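Comments concern the structure below.
The values are calculated or read from the model by the stated rules, or taken from the named source; none is laboratory data. It should be emphasised that the depicted structure is a prediction, and the values quoted were computed from it without experimental measurement. For neighbour counting, all protein chains shown are included, and Cβ atoms are generated from backbone atoms with ideal geometry for every residue, glycine included.
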Amino acid sequence: MQNQRTDYFAIFGLPRKLWIEMGALEQKFLQLSWKLHPDNFVNASEHERELSLRRSSELNDAYRTLSDPVGRVEYLLGIEGARKEGEHRQQAPPELLEEVFELNESLDELRDAKTSGGGLVALKSRLESAEKSFQQKLGEVDAQLQAAACEWDDALQSDSATRKKIMAKLNDLLNRRSYIRNLVANVQKELL
Amino acid sequence: MGRIVGIDLGTTNSLVAYLDPQTGQPKCIPGPYGGTLCPSVVSLDPGGSIVVGEPARRRLLTQPERTIYSVKRLMGRGPADIQDELKLFPFRVDPSSKNVIRVKLGDKVFTPLEISAFILRELKNWAEAHFGETVDRAVVTVPAYFNDAQRQATKDAGKIAGLEVLRLVNEPTAAALAYGLHEKQRGKVAVYDLGGGTFDISILKLISTSDGDIYQVLSTNGDTHLGGDDIDNLLQAFAHELILQHDEIDFSPHGELAQELRRALIDVKHQLSELETATLRFASPNGKVFVHEFTRGALDALIRPVVDRTMGPVKQALADAQLKPTDLDEVVLVGGATRTPLIRRTVREFFGRQPHVELNPDEVVALGAAMQASILDQGVKTMLLLDVTPLSLGIETYGGAVAKIIPRNSTIPASAQELYTTGVDNQTGIDIHVLQGERELAKDCRSLARFTLKVPPAPAGLPRIEVKFLIDANGILQVGAKDLRTGDQHSIEVQPSYGINDSEIERMLEESIEYAEQDFAERQVIEARTESESILAATAKALANPQSAALSAEERAKIEASVAALRESVSGNDYKLIRKRIDELNHATEHLAELLMNSAVSTALEGRKLAEV
């Protein structure tokens, strides 16, 4: 079905930079879709139909990935060999340990309270403020991620040691981000 | 090659349409009774023949036990899925079949797929009578929220009806296509499509490019078991209760009387779209006549729950497209049920704008299908549909959780690769369970397929098998695997979880009337010749392209020899030989095909606009 995985950046003729002009990306996506979409090959040979299916699906996968600022970083680190596929759930970042511990305790209490029925209101407001605090941290991580992405773009011509250092930083930020995001999602689920 | 048509295979009514080459406009084809709607009702005549459409609908009253309607609700589902439906619909399901739903018409049993094929064949006949020519290919519409199994079942039904289904198009997308032509709208459009049995909401972006118009679906949502049928069910339950109170007569909820009551109530519902009051008159066998006056307000109160159920998907689709109701430039209403004043009002209030209803809501989907059919047929396109997959694709992981690998609303075709290895020494298989749905646990998602990856014996962790999951432009899953150590590729036979496998499809094909009429081998020859015609034409066109200069003399000679060999085989009657020659030519032109596609890509990247390659 496929020979080699194509570099998503290369599909759009882009360097491996994290800043992407979204309007231009969309325009290229539409132009390439027009050429590659299976609709063009309904009456073509089986090989051509397969080729079109493979390349248009790659194009769509690439566009989906690169359109998402976080997905883009994950993908870049993946092809640069700095991140394992499916690397998500990590240990709590050390500086968050205390807060996470408190949060989990409140969550447990909420679950208990839901079954026994007592003290829900106070617990909920405690969790809501915890959620707010983690949402804020998520915003901070996003900003740091953006700053590190700029660093990467500026270091495109630098030596491999520098680039590796930036990649490690990006990777840490991604893990931190996905950890906090999971926390927020869990809290939101319990608060529903 | 025969003609191509667009078909709306609906829960309540089905239609067939084509693009009139004279006017360039799509048109629905009328049937023998003059109308363009073919009721999706099938009846088995006591003499053994199949009756479809209007005459079958009349038999709902006289021979309900030999007649079936709303079969679309059963497509692509298993016996365990439909317990709720059975309470509401008079489906007479054969209890002896465990994995596949079979419904009884009289003393015979049929799969929903075969029933749908009867409807498709009827529409094919309408079109053939209209053109005086064979119709052998079609674009068929499906609810956007149909899952893989429901789509596959629809495609298979086409095959059994003697139609090559070139594309399944989502109903709201088809409607947008028909409206786009009609209105020349630009911007963001919401299509609210409440049909007989299914509800869809799609958010689209209409883009003008230098190549042509692109209809990009941003998000879609819906409920494949919510529609006008549900309104009728509520009305029927309400009236049944009233009659029981008023009169002593009791009647079985699925018998002839019930069908008569349902008919009368549907008339009342239709009248209430225009008038403020309408009267139900229902004569019972004991001579008493039950009379009840319905007001629109009473109808609204009764159907409010159905309308409310549509709003959840609407909100989700907007959230997925990251839009607010007021961001939409246009709202389009599709499906017969949207004639209901309460629905029009609810949609208008939610989006804060007057929805479009200019095109006949019963016909608009078929019209869009006809347009897409013509685009696919001509190969030269003036517009492009970019649709999405409505449900996330996932695989089961440890502990019964689901890892999402292709998120919902991804533009299709879409794919994802997963790497697999073994956990113990000399393990020979890895079980893979593919699911569709948004829930976190496998048991809450729709199971699409289970299969075992064969692995050559090796120490644990050494095998590296890459599995590629691909959702094609029809929204149907394909799976392929590749052994990364050996480079061996194999496609995987994925047995659909809904229970109908390829050999069963083959059997239905053989049993279907089309194949009984015409000798199987003869038909194979005709199909093989048709295919060679299009491949010979495509090859000639490709060789005329300047890019073909990059072929080596050897490659060119091989193509020419293959062309000559195929030409020669076509004059004979050996379809296996023709197929073999087609394969050889396909193989010989592989490099040429790649050259052309690469050149198309590089011109697109440079932003130049070239004539079609």
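If you go through region A:144-188 and pick out every residue that is more than 22 Å from A:Leu97 (Cβ to Cβ) and either free of Cβ contacts under 8 Å to residues at least 40 places away in the same chain or part of a helix (DSSP H, G or I) (or both), you end up with 22.
Being out of contact with any Phe, Trp or Tyr (no Cβ under 6 Å at 6 or more places or on another chain), farther than 24 Å from B:Gly158 by Cα, touching a residue at least 40 places away in the same chain (Cβ under 8 Å) and not in a loop (DSSP other than H, G, I, E, B) is a property that B:Leu120 lacks. Those strands (runs of 3 or more DSSP E) of region B:9-48 in which 1 or more residues are within 22 Å of B:Leu177 (Cα to Cα) occupy B:13-19, B:26-28.
All of B:Arg556, B:Arg581, B:Arg529 fail the test of being away from chain A (no Cβ under 11 Å), within 20 Å of B:Gly2 (Cβ to Cβ) and not β-branched (Val, Ile, Thr), apart from B:Arg529.
In a residue-by-residue description of region B:567-574, the property of being under 20 Å from A:His47 (Cα atoms), within 11 Å of another protein chain (Cβ to nearest Cβ) and out of contact with any strand residue (DSSP E or B) (no Cβ under 7 Å at 6 or more places or on another chain) applies to no position. Just to confirm my filter: which helices (runs of 4 or more DSSP H) fall fully inside region B:474-575 and include at least 3 residues that are at pLDDT below 85? Per the criteria, B:502-511, B:513-517, B:520-544. For region A:123-158, which residues satisfy the criterion of being surrounded by 14 or more Cβ atoms within 10 Å (Cβ to Cβ) and at pLDDT below 85? Answer for region A:123-158, where residues must be surrounded by 14 or more Cβ atoms within 10 Å (Cβ to Cβ) and at pLDDT below 85: A:Leu123, A:Lys124, A:Arg126, A:Leu127, A:Ala130, A:Glu131, A:Phe134.
A count restricted to region B:409-445 and to residues that are crowded, with 18+ Cβ neighbours inside 10 Å, more than 14 Å from chain A (Cβ to nearest Cβ) and in a loop (DSSP other than H, G, I, E, B) stands at 3.
Of the residues making up region A:164-192, just one is more than 25 Å from A:Pro94 (Cα to Cα) and surrounded by 13 or more Cβ atoms within 10 Å (Cβ to Cβ), namely A:Leu191.
Within region A:115-122, is there a residue that is at pLDDT 85 or above, out of contact with any strand residue (DSSP E or B) (no Cβ under 8 Å at 6 or more places or on another chain) and in a helix (DSSP H, G or I)? The answer is no; no qualifying residue exists.
If the condition is being over 11 Å from the mean Cα position of the chain (by Cα) and either at pLDDT 95 or above or outside any helix (DSSP H, G or I) (or both), then region B:131-165 contributes B:Gly132, B:Glu133, B:Thr134, B:Val135, B:Asp136, B:Arg137, B:Ala138, B:Ala161, B:Gly162, B:Leu163, B:Glu164. Each residue in region A:31-57 was checked for being within 7 Å of another protein chain (Cβ to nearest Cβ) and surrounded by fewer than 19 Cβ atoms within 10 Å (Cβ to Cβ), and 1 of them qualify.
Restricting attention to region B:468-483, the residues that are touching a Pro at 6+ places or on another chain (Cβ under 7 Å) and more than 7 Å from chain A (Cβ to nearest Cβ) add up to 1.
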